[in-house]
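First comes the structure, then the notes that go with it.
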Amino acid sequence: MSTPAPFANRPSKPQVTRLPDGRIGIFIGGAYEFTDDAGLRSLCDQAAELLPAPTAREDYEQAERDFLAVLNRELESVDAGGCAPPVIAMRQADA
């Protein structure tokens, strides 16, 4: 009995897919690897060590985007009750 390949064709870049049996299939550099959640976390940790750390500015900008997204969701959920519609929070353009 053959097992269908987890990837329809041989991708040119790394890809990851969850198989029906719960395992995780990873295609990297012409080879398949099958692992579990812990193995994938380990691979992610190893890859994160190789990637450059975000700068303080990038961290600040991401935190600002996250804050504005939460604020907008909260503003959209508020019932205006006859008042003016809620104002959507936006980041000021750099001058």
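What follows is calculated from the coordinates using simple rules that are stated; it is not laboratory data. All values derive from a computational prediction rather than experimental measurement. Heads up, the Cβs are rebuilt from the backbone with ideal geometry, glycines too, and the neighbour counts pull from every protein chain shown.
The modelled label-to-label distance between Arg41 and Asp66, using points 7 Å beyond Cα along the C-beta direction, is 1.9 nm.
Each label point was placed 7 Å from the Cα along the Cα-to-Cβ direction; for Ala48 and Arg18 their separation is 1.9 nm.
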